[in-house]
Number of protein chains: 4
Amino acid sequence: MFAEKKRGFASDNYAGVHPDVLAAIASANEGHQIAYGDDEITQGLTKTFERHFGEGAQAFPVFNGTGANVVSLQAMLKSWEAVICASTSHANVDEGGAPEKVAGIKLWTVPTEDGKLTPELIAKQAWGFGDVHRAQPAAVTITQATELGTLYSIDELKEISEYVHSRGMKLHMDGARLANAAASLGVGLQEITTNVGVDVLSFGGTKNGGMGCEAVVVLNPDLAASIPYIRKTGMQLASKMRFISAQLQALLEGDLWLRNAQQANAMAKRLENAVGDIEGVRIVRKAEANSVFAVLPSEVTARLQNEFRFYVWDQVTGEVRWMCSWDTTESDVDSFVAAIREEIGAGDGNRTRAVSLGS
Amino acid sequence: MFAEKKRGFASDNYAGVHPDVLAAIASANEGHQIAYGDDEITQGLTKTFERHFGEGAQAFPVFNGTGANVVSLQAMLKSWEAVICASTSHANVDEGGAPEKVAGIKLWTVPTEDGKLTPELIAKQAWGFGDVHRAQPAAVTITQATELGTLYSIDELKEISEYVHSRGMKLHMDGARLANAAASLGVGLQEITTNVGVDVLSFGGTKNGGMGCEAVVVLNPDLAASIPYIRKTGMQLASKMRFISAQLQALLEGDLWLRNAQQANAMAKRLENAVGDIEGVRIVRKAEANSVFAVLPSEVTARLQNEFRFYVWDQVTGEVRWMCSWDTTESDVDSFVAAIREEIGAGDGNRTRAVSLGS
Amino acid sequence: MFAEKKRGFASDNYAGVHPDVLAAIASANEGHQIAYGDDEITQGLTKTFERHFGEGAQAFPVFNGTGANVVSLQAMLKSWEAVICASTSHANVDEGGAPEKVAGIKLWTVPTEDGKLTPELIAKQAWGFGDVHRAQPAAVTITQATELGTLYSIDELKEISEYVHSRGMKLHMDGARLANAAASLGVGLQEITTNVGVDVLSFGGTKNGGMGCEAVVVLNPDLAASIPYIRKTGMQLASKMRFISAQLQALLEGDLWLRNAQQANAMAKRLENAVGDIEGVRIVRKAEANSVFAVLPSEVTARLQNEFRFYVWDQVTGEVRWMCSWDTTESDVDSFVAAIREEIGAGDGNRTRAVSLGS
Amino acid sequence: MFAEKKRGFASDNYAGVHPDVLAAIASANEGHQIAYGDDEITQGLTKTFERHFGEGAQAFPVFNGTGANVVSLQAMLKSWEAVICASTSHANVDEGGAPEKVAGIKLWTVPTEDGKLTPELIAKQAWGFGDVHRAQPAAVTITQATELGTLYSIDELKEISEYVHSRGMKLHMDGARLANAAASLGVGLQEITTNVGVDVLSFGGTKNGGMGCEAVVVLNPDLAASIPYIRKTGMQLASKMRFISAQLQALLEGDLWLRNAQQANAMAKRLENAVGDIEGVRIVRKAEANSVFAVLPSEVTARLQNEFRFYVWDQVTGEVRWMCSWDTTESDVDSFVAAIREEIGAGDGNRTRAVSLGS
């Protein structure tokens, strides 16, 4: 059995908190502060977020990614409106139906090749404007980096944004792994959000080395006024908010966000490169951020999972997801690659042995 | 102007985090742990909660008190059902309508003298069973300690519970300040929850010295199965849950919860006693937990608020709330009392002087 | 036992359909018509409603009163907002929680003497603007005629409207019995709606002699654009709408609405007058529209209910509601009054006899 | 321009009401009846529905098809559950998002060839049971006849039902055109609902010759208890319900439902046969119920729509839908076919002429 605290490749939220973030929390713990966001640290976030996202950007800390997405989308939609998303989007498949259940949001889903929408794909659902029988498409949400480890280029983002706005809709970005995207593209956070026309962003700090720190970042100032209310009714308003804000501040005041993302990305690239030439392992799509998707024999997967945590992404094809985090080390990757090699090499003999041992 | 980090009497969530809780968070930050509650620390909570609430008690950590209340109530109600509550309850007046907006919960409110329901008061809304035109009363929620600083005795709780169950309803307790109630009554947590027949409890750790740690505690095991789903759709499922669980563990594994509550309660009592004989200050109701409600001249209030943070509870009557927290010290109270005496003594002369200075 | 089809005093929706309305339905049944409101009859309603409510009034037919109220309120509120209403309002007590459950609407309720709000009463809940913890009061709903059979005078309406708008809120009127109110006040429909500043009206045709015909009538044109969408998502959009519109047209194109209301009102007045001097019957409040509220001995009520249908309004006080409808006749009233006299006269002797018979 | 009241092929809800249904409404208009479904006619429906759907079937009249679907599904789902449906289902594409918005229902959609689900297609979404991140699949809804004019055979229904129940889910049928399906298959209503294991049915009377009469029909008695409450909170409870029940009774007490469906089906078949050999018209899929889907040149469509109402189903392919109703006559079909022939024959010459005329 594997040591419980061993670093695996299951998810970047299996990782702990970066020491600098922890230190920031401790240092925020001084005296009394006004609750619910009127504390000094939260107030100070404004400047930090403006520096990264441009003047006028407004950040509203929330508890988790689902909360950030639902609050963001609700601020962009009237009660009868709907949002277009990739069928693989977190909002569609991994939030337990929260968008529908908390906020009555209709999702118009579009199948994609690689988790990425395009104007052509969005157009498949962007119709029926003015027809009461059709939940009115009013926003599009895209994920950067996507749930499938892919990235939108700046040009792709611009095309999407132009199309979305040309149809009178608004653009939301699920940036649970925005840092990984920016790091991989080698650009600042503003270049792939504000500058391409994103209206509202879910900014993710938790997977980037935080403890639990996400934010709704409003880039289109017209949409900001309702957020405080929607955050409250969405049960995403922290009383001792300073401790969430301190985490965001720690990640963003210097380049910690970037270093953490670069490390995770580099480890994914190292893993991709190392397994690329192992016979029996097929990389499904290019690892552009901090995850590697691969197909390997299911019995190999089963044996590997005795040593390292990771998820099977598709039971039918045997596709697995290997996710690297800010704390993944070269040694973690190398041990994992060695284990893959060993288990693949072991082949049928191993399986037989296993059966013998079991009897 | 008052020093930003001075301890005031505004709210127990203006306070920071107890050092032992902070230490527990730091010590939880070791290696990878399964996300979303399958980590070792969260698993270990079960035993701790069973020790405090009896065998079979199940705790589900959530982010905040509104989340705990709404998840709890949703687990007790079918879609067409309603909950009876005091009109002063947090669920009614301080959650931005989250029960209605997130979960479609109808609240049947009852005015009370002191924030406390009784069988007679509950009966005012517990009728119309089987009538489709009336949102069906199916649960009652009470707050212990109440929003008005009062307490239910064990006998009062038993009477309520018996009545509620005799009408086929279920009993929820908002225990955002449960620790203060138990400390004040000098009993264990179980005596005022499980033993009196509470079905589901919102247990509050944040105000008790935590950073952000609440839990839905299911005492009626029939109601537990749905909580994981409702917590997820209610956007209250933390990915790195170990860090919330570590806080709850720190508070509950020893007697930290009790010491913190006792300190807050004692300071409220000290404050009540000290102002009791100041002419011009009237204690509105007995300080049974960690808050003092008093009426004093509004100009005195205004001047005091320049030095100490606290809230005016009722603009019309001039009633104010002074809330003590786990970190309130005797010296805090004494300084505050001195300031009250001074400002009251200053009287009209002071006001005149203020005007002169302003001119 | 009473004949099933005898006219009683239970509700104006126990009555059938006025023959002229039925004839209008039959005459609408000609050939094909575009569904969902693009038919000729529905289009023609505009002129009729403008004649009654002023230029620019827009009517949107819906199925029932709850639907009209919820669609109206939803059009006036953002997702985090709330509506102030009398605690006796239909929206609060008789819609099964539909406002909360369908639309997440928080109701801030106010106890009243007679079902009528005043600026002073509204002010009890019209506060906390800008405070995210408080579901934001954004609309007030009043019922004309009220659920307790009382009326707002034109002056009272104006005062309310001015107050409501001065606080930045909007005014909704539940006009399930608007016709009865106008008839009783001797004014047109416009005088007590558009002219006093009502923003959106739920107009009731069903109790006025229709089969099932209500309408959301938008008097504040800024609020009209969303109604078609909200009506659809609220499941209140009829496919063969022409048959609902034909009913509204039949009631409103001539003076049928007025004659029906006058008849119901006159019968309530006749009943009130006739029972006013019966010892043992106490009229609770003046019958201003088409209902009479009275207190009489519960055993008398029980015996009367063997012959005539009507509802006990308050089990504790024994208050009953006698509702007259468009088809109530003088002879209906006189028979009922005779029965009341007889049952009251029978008194204890009767009860004793009943017991004897039962033995 | 076409005569407004001419019968076209746009929808079966463009048709009026069958004279026998109108007569039933008129005959229900006698005296007072208890409101909200306790009237004699509604009570009498039970026997009628049991005769058609088997002992224990319970019918709850509602206003419209969206209402029937949403009330049905809500009764089958807990708050965190989801329903699997064809992506072309009415619930997904034609209800303005009412399932999501009124009831927080997550729809797991599956693309299909012909609007029909199969166990294999359902399996694509029937997974993740017990995983809180996935809105739990708990019901499947199928439409009979489908929105694309196709039918499920009895064997297909049985296979689906067995699969659905084997996965612990429940089966809902949207029977807005159930009569057309039964008529086409030559079986009774019970054979394709109760007997194949449908749990809850939305039964459609409006398109079958009613004015506005649908019903939630509960075939799995475990699911009946909640319907009255859900119907009320879903704003689908009619006060003068007798007039809806009378319509359902008129359709179902004799064989009016069957005759009306047979007529519509026969006319669709006649139309399909007649256009089948017109060059330039391609029948897209077999007309199994009362609609014909065809592709024809868009300019022909445009010219035809000047004379006859019908909808373009797919702007890209030029597919149109021709729907026949209970009142469609042979002469209607023949005139339409003649017009198609003429417009297709007219071809380019006509277009040229049009251009000339326009210049």
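Things to note:
- Amide H contacts of B:S87: B:V110, B:T112, each under 5 Å away and 5 or more positions distant or on a separate chain (H built 1.01 Å from N in the peptide plane; Pro and chain starts excluded).
- Taken over the stretch B:66-160, the alpha-carbon convex hull comes to 97 cubic angstrom per residue.
- Whole-Å semi-axes of the ellipsoid equivalent to the protein assembly as shown (Cα gyration tensor, √5λ, descending): 52, 46, 29
- Here chain D is treated as a sphere whose radius is the Kirkwood value from Cα pairs; by Stokes-Einstein at 20 °C and 1.002 mPa s it diffuses with a coefficient of 101 µm²/s.
- Across the identical copies, the label point of A:P297 (7 Å from Cα in the Cβ direction) is separated from its matches by 6.1, 9.0, 9.4 nm, in order from shortest.
- Mean residue ellipticity, 222 nm, helices only, chain C: the sum of -39500 (n - 2.57) across DSSP H runs of n ≥ 4, divided by residue count and rounded to 500, is -12500 deg cm²/dmol.
- The separation of the stretch B:177-215 from the stretch D:161-188, counted between C-alpha centres, amounts to 51 Å.
- Net charge, B:V196 excluded, C-beta distance under 10 Å - Lys, Arg +1, Asp, Glu -1: -4
- Relative contact order [Cα under 8 Å, 6+ residues apart], the stretch B:88-130, whole percent: 31 percent
- Total formal charge among the other residues, if their Cβ is under 12 angstrom from that of B:V62, Lys/Arg +1 and Asp/Glu -1: +1
- Charge dipole (Cα centre; +1 on Lys/Arg Cβ, -1 on Asp/Glu Cβ; no other charges) of the stretch D:257-358 amounts to roughly 160 debye.
- For the stretch D:172-189, the Karplus equation 6.51 cos²θ - 1.76 cosθ + 1.60, evaluated at θ = phi - 60°, returns couplings of 10, 10, 8, x, 4, 10, 4, 4, 5, 5, 4, 4, 5, 7, x, 10, x, 5 Hz by residue, with Gly and Pro reported as x.
- Cα-derived Rg to Rh of the stretch A:179-228, Kirkwood definition: 1.01
- For the stretch B:1-104, GluC sites (Glu not before Pro) are listed when DSSP marks them as loop and at most 14 other Cβ atoms sit within 10 Å of their Cβ; the list is B:E4, B:E30, B:E55.
- Among the listed pairs A:K78/A:K116; C:K232/D:K106; D:K207/D:K269; A:K116/A:K286, those with a Cα-Cα distance over 22 Å are A:K78/A:K116.
- Each Lys and Arg contributes +1 and each Asp and Glu -1, all at the Cβ; summed about the Cα centre of the stretch C:18-255, the dipole is approximately 600 debye.
- For the stretch D:89-99, 3J(HN,Hα) per residue [Karplus equation, 6.51 cos²θ - 1.76 cosθ + 1.60, θ = phi - 60°, Hz, x = Gly/Pro]: 5, 3, 4, 7, 9, 10, 10, x, x, 4, x
- Largest first and in whole Å, the equivalent-ellipsoid semi-axes of the stretch C:1-159 read 33, 23, 17, each the square root of five times a Cα gyration tensor eigenvalue.
- Buried between D and B is an accessible area of approximately 1400 Å², summed over both sides with a 1.4 Å probe.
- Rounded to the nearest 20, the Cβ-based charge dipole of the protein assembly as shown about its Cα centre (Lys and Arg +1, Asp and Glu -1) stands at 0 debye.
- Spacing of the modelled spin labels on D:S87 and B:D277, each 7 Å from Cα toward Cβ, amounts to 8.0 nm.
- Considering only C:G16, C:F129, C:S184, the residue lying farthest towards the positive end of the dipole of chain C is C:F129, judged by Cα position with unit charges set on Cβ.
- 3J(HN,Hα) along the stretch D:247-262, derived from phi through the Karplus expression 6.51 cos²θ - 1.76 cosθ + 1.60 where θ = phi - 60°, amounts to 5, 4, 4, 4, 6, 9, 6, x, 10, 4, 3, 6, 4, 4, 5, 4 Hz, with x in place of Gly and Pro.
- Here's the picture: charge each Lys and Arg Cβ at +1 and each Asp and Glu Cβ at -1 in the stretch C:257-358, and of C:Y311, C:A338, C:T301 the one pushed furthest to the positive end of that dipole is C:Y311.
- Buried on assembly, the stretch A:54-78 (at least 40 Å² less accessible surface than by itself, 1.4 Å probe): A:F63, A:N64
- Taking the C-alpha atoms only, the angle from helix B:19-28 to the longest principal axis of chain B is near 40 degrees.
- Mean separation of Cα contacts under 8 Å, 6 or more apart, over the residue count of the stretch B:215-294: relative contact order %: 19 percent
- Share, in percent, of DSSP beta bridges within chain C that are antiparallel, nearest 5: 50 percent
- Springs between Cα atoms under 10 Å define the GNM used for chain A, and in it the highest mean-square fluctuation of A:G44, A:G130, A:G209 occurs at A:G130.
- Rotational relation B to D, axis-closest Cβ in chain B, residue and distance rounded to whole Å: B:S79, 3
- Rolling a 1.4 Å probe across the protein heavy atoms gives chain A an accessible surface of 34 Å² per residue.
- Of the residues making up the stretch C:128-149, those losing 40 Å² or more of accessible area when the isolated chain is joined by the remaining protein chains, with a 1.4 Å probe, are C:V132, C:H133.
- Net charge of neighbours whose Cβ lies under 12 Å from the Cβ of B:V292, counting Lys and Arg as +1 and Asp and Glu as -1: +3
- Inter-chain shielding of C:101-114 (mean C-beta neighbours from other protein chains, 10 Å cut-off): 6
- Kirkwood-based shape ratio for the stretch D:228-290, expressed as Rg/Rh from alpha carbons: 1.26
- Loop chymotrypsin sites (Phe, Trp or Tyr not before Pro), the stretch B:59-127 (other Cβ atoms within 10 Å of the site Cβ: 14 or fewer; DSSP): B:W127
- Carbon + sulfur, % of accessible area of the stretch A:18-255 - ligands and nucleic acids excluded, 1.4 Å: 48 percent
- Top positive-direction residue, dipole computed over chain C with Cβ charges, set C:L107, C:G254, C:V216: C:L107
- Of the residues making up the stretch A:235-251, those losing 10 Å² or more of accessible area when the isolated chain is joined by the remaining protein chains, with a 1.4 Å probe, are A:M235, A:Q236, A:L237, A:S239, A:K240, A:R242, A:F243.
- Relative contact order of the stretch B:18-255: 31 percent, from C-alpha pairs under 8 Å at least 6 residues apart in sequence.
The values are calculated or read from the model by the stated rules, or taken from the named source; none is laboratory data. No experiment lies behind these values; they were computed from the predicted model shown. Here the Cβ is made from the backbone with ideal geometry for all residues, glycine too, and neighbour counts use every protein chain on show. Accessible surface is based on the protein model in full, side chains and every heavy atom, while ligands, DNA and RNA are left aside. Shrake-Rupley method; radii C 1.70, N 1.55, O 1.52, S 1.80 Å.
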